[in-house]
1. Pick out the one residue from A:Thr210, A:Thr177 that is surrounded by fewer than 16 Cβ atoms within 10 Å (Cβ to Cβ), farther than 24 Å from B:Asn12 by Cα, under 18 Å from the mean Cα position of the chain (by Cα) and of a type in the set (Val, Ile, Thr).
2. If only one of A:Lys53, A:Lys92, A:Lys72 is under 20 Å from the mean Cα position of the chain (by Cα) and more than 12 Å from every other protein chain (Cβ to nearest Cβ), which one is it?
3. Residues that are open to solvent by 50 Å² or more (accessible area, probe 1.4 Å) and away from every other protein chain (no Cβ under 14 Å): does the stretch A:77-85 have at least one?
4. Only one of (1) surrounded by 13 or more Cβ atoms within 10 Å (Cβ to Cβ); (2) under 18 Å from A:Pro168 (Cα atoms) fails for A:Glu197. Which number is that?
5. Looking at (1) touching a helix residue (DSSP H, G or I) at 6+ places or on another chain (Cβ under 9 Å); (2) more than 13 Å from chain B (Cβ to nearest Cβ); (3) open to solvent by 30 Å² or more (accessible area, probe 1.4 Å), can you tell me which one A:Phe149 breaks?
6. Suppose we keep only residues that are farther than 20 Å from B:Thr77 by Cβ and of a type in the set (A, V, I, L, M) within the stretch B:263-274. Which one would you say is surrounded by the most Cβ atoms within 10 Å (Cβ to Cβ)?
7. Restricting to the stretch B:306-334, and then to whatever is among the charged types (D, E, K, R) and more than 11 Å from chain A (Cβ to nearest Cβ), can you tell me which residue is surrounded by the most Cβ atoms within 10 Å (Cβ to Cβ)?
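The values are calculated or read from the model by the stated rules, or taken from the named source; none is laboratory data. Everything quoted here is computed from the prediction, not taken from an experiment. Quick reminder, even Gly has a Cβ in these numbers, built from the backbone with ideal geometry, and neighbours come from all protein chains shown. Just so you know, the surface numbers come from the protein's heavy atoms only, side chains and all, with ligands and any DNA or RNA stripped out. Shrake-Rupley method; radii C 1.70, N 1.55, O 1.52, S 1.80 Å.
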Amino acid sequence: MLNIYRQYTMSISINNLTFSYSKSPDDLVLNIQHWQLHEQENLFIHGPSGCGKTTFLNLISGLLTTSNDSIKVLQRSMNEMKGSEIDSFRAKNIGYIFQTFNLIPYLSPIENIKIACQFSKNNVSQSSIKQMLSDLHLEAKTWHKATHFLSMGQKQRVAIARALINQPKLIIADEPTSSLDEKNRDIFMSLLMEQTEKLNCALLLVSHDTSLSQYFSRVESFNDINTAGSL
Amino acid sequence: MILTLASKSLLNRKGSVLLTIIAISVSLFVLLAVDHLRQQTKQGFASTISGTDLVVGSRTSSINLLLYSIFHIGTPTANLSWKAYQNFNSHPQIAWTIPISLGDSHKGYRVMGTNDDFFLHYNFGNKHPLSFSAGDKFNDTFDVVLGSEVAQQLNYKINDPIVLSHGLVSTSFSNHDQYPFKIIGILNSTGTPVDQTLYVTLKGIEAIHKNWQNGKKQNEDLTPKNITAFMLGLTSRMATFDVQRDINQYAQEPLTAILPGVALSELWHIMGSVEQVLKLISYLVILASLLGLSAMLVASINERRQEIHLLRIIGAPPSYIFLIIELEAILIALIGTGLSLLALTSALIAFQSTLTAEFGLHLSANLFSMNNLLILGLVQIAAIIAAAIPAAMAYRSAQHSIKH
């Protein structure tokens, strides 16, 4: 019964979304008729850079807003919430991973994770942070070092920990492997998949690297979703 | 956590932050030093003379008379005759007088010729009489009593012989070598120019000068012909203006009698505009350093767009970003304030003896006055206001934190 219910629960649902940075309707960056991401679903969206992927993700995370009711994240309409509500909603429910600059460089991994917990008002113990870091194959000697001393591979793994510590229902990853070499990319992807599965959260990964498709059950091209620009 | 973030962020930008902190502490140092100096000088001047009703010298301006007779600053214009002094010494409304005869020195310290009445009637601070830490008053023509500072700096003891010089240079060619004086007493510290002065008898002064000019002569009348000035105390305060008029209208020679308190306030009145200018300058220096703080933070925000974006992504509201910048400004201002207090206190301690010896300024190293606390508090508020511009910029950047 529960499973059937879940089938119909959406992580993200978008209806008739149009978005443009300028006032002119000809400069549409996004035009999405109907699109959704199910709960606990893993989705890979590929597309070349500059096609509006990041704008799309910023709208989902509430950093950008639209004037209409076109985006629902975890059943909440994004333009119904006030600014501060969106901030705390994002802190609690969305884990975000970028290509680079996922961490405050002068803070240690543990401090970076603690900041994320502060905004979600989650009381996460030091030991569970450490547990998470060791689950992500980060050695104890890196835990208290400023993160700019870490390697790119280590940084991205700390980013996973940072994104997952609040047990969000949705993980958004924007080109998370593009700064990694092949070996680190594979480690990163398998750890990310393993952790999201453990948490039962939805994963939305956007990248130009189509080789990542192998990890996902659902794969889409961004140009199929967004019809803006394809005249 | 926000404090960790702000302080580690500052540590991460050590170079520019350190320079800003130094700029703020230097400007505060100037402000506090000027203000401290002003307050302490005023207090020092005011406490130098107390209980003296009038100071009398030859006709001159009241400030000039006050400065050379009491503070030993500048040189007297003319002397007054012994006859005039004797005349007023026996004035029925005058209770006591202290003759002052200046012009000689010893190793850069002023020598003042006077008599035992000085030790009896001269008061400083809140009507404190002078007291001896060793020895006693004059006993003989060539006795000398030292101010505490003189004895300490030159390492003199009772019964040591010393030689006076003509004029006020420590390497004077015209030493009164034939007439060594003997140290008979050393005064306790007063925190006034008394500490930097040597006291000899009027006869002693007369003796060395007569013989300086005429070669050795013995058994001569050593009553002085002139003195520089004299202080006096009245039998009744009510008589002040009567006696002052009597002196100012003395027919035999032109004299000036001044009320030390009145002359001092005239002096402060003149100094007032200088004080205001100094104050204005030090406030402008503070303003400049706070603008520097603001500029440094503005520059940092451009470097930190990614950081701000990241904080927004993990759920920081724009107000949090505003707060971080303000907190950084407050931390810088507080550290700058602490440093300036530390630097000024150590400078005061380090240069205390030099300032006392050179300028007769006794400066307390204690900076924690109500006035200073108020100034420091205002500077913190000013720092918060100065940081409002960069903080608002960061706030806006946080609101429109979009990466393309």
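1. Answer to the selection: A:Thr210.
2. One residue alone meets the criteria, A:Lys72.
3. The answer is yes, given that some residue of the stretch A:77-85 is open to solvent by 50 Å² or more (accessible area, probe 1.4 Å) and away from every other protein chain (no Cβ under 14 Å).
4. (1)
5. With (1) touching a helix residue (DSSP H, G or I) at 6+ places or on another chain (Cβ under 9 Å); (2) more than 13 Å from chain B (Cβ to nearest Cβ); (3) open to solvent by 30 Å² or more (accessible area, probe 1.4 Å) applied to A:Phe149, the lone miss is (2).
6. Top of the filtered list is B:Met271.
7. Applying the first criterion (among the charged types (D, E, K, R)) to the stretch B:306-334 yields B:307, B:312, B:326, B:328.
Filter once more, so that each one left must be more than 11 Å from chain A (Cβ to nearest Cβ): B:326, B:328.
On the way: B:Glu326: 20, B:Glu328: 26.
So, considering only residues that are among the charged types (D, E, K, R) and more than 11 Å from chain A (Cβ to nearest Cβ), the one surrounded by the most Cβ atoms within 10 Å (Cβ to Cβ) is B:Glu328.
Quick grid of which residues meet (1) crowded, with 22+ Cβ neighbours inside 10 Å; (2) among the charged types (D, E, K, R):
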position	(1), (2)
A:Ile94	yes, no
A:Glu111	no, yes
A:Asn123	no, no
A:Ser128	no, no
A:Leu138	no, no
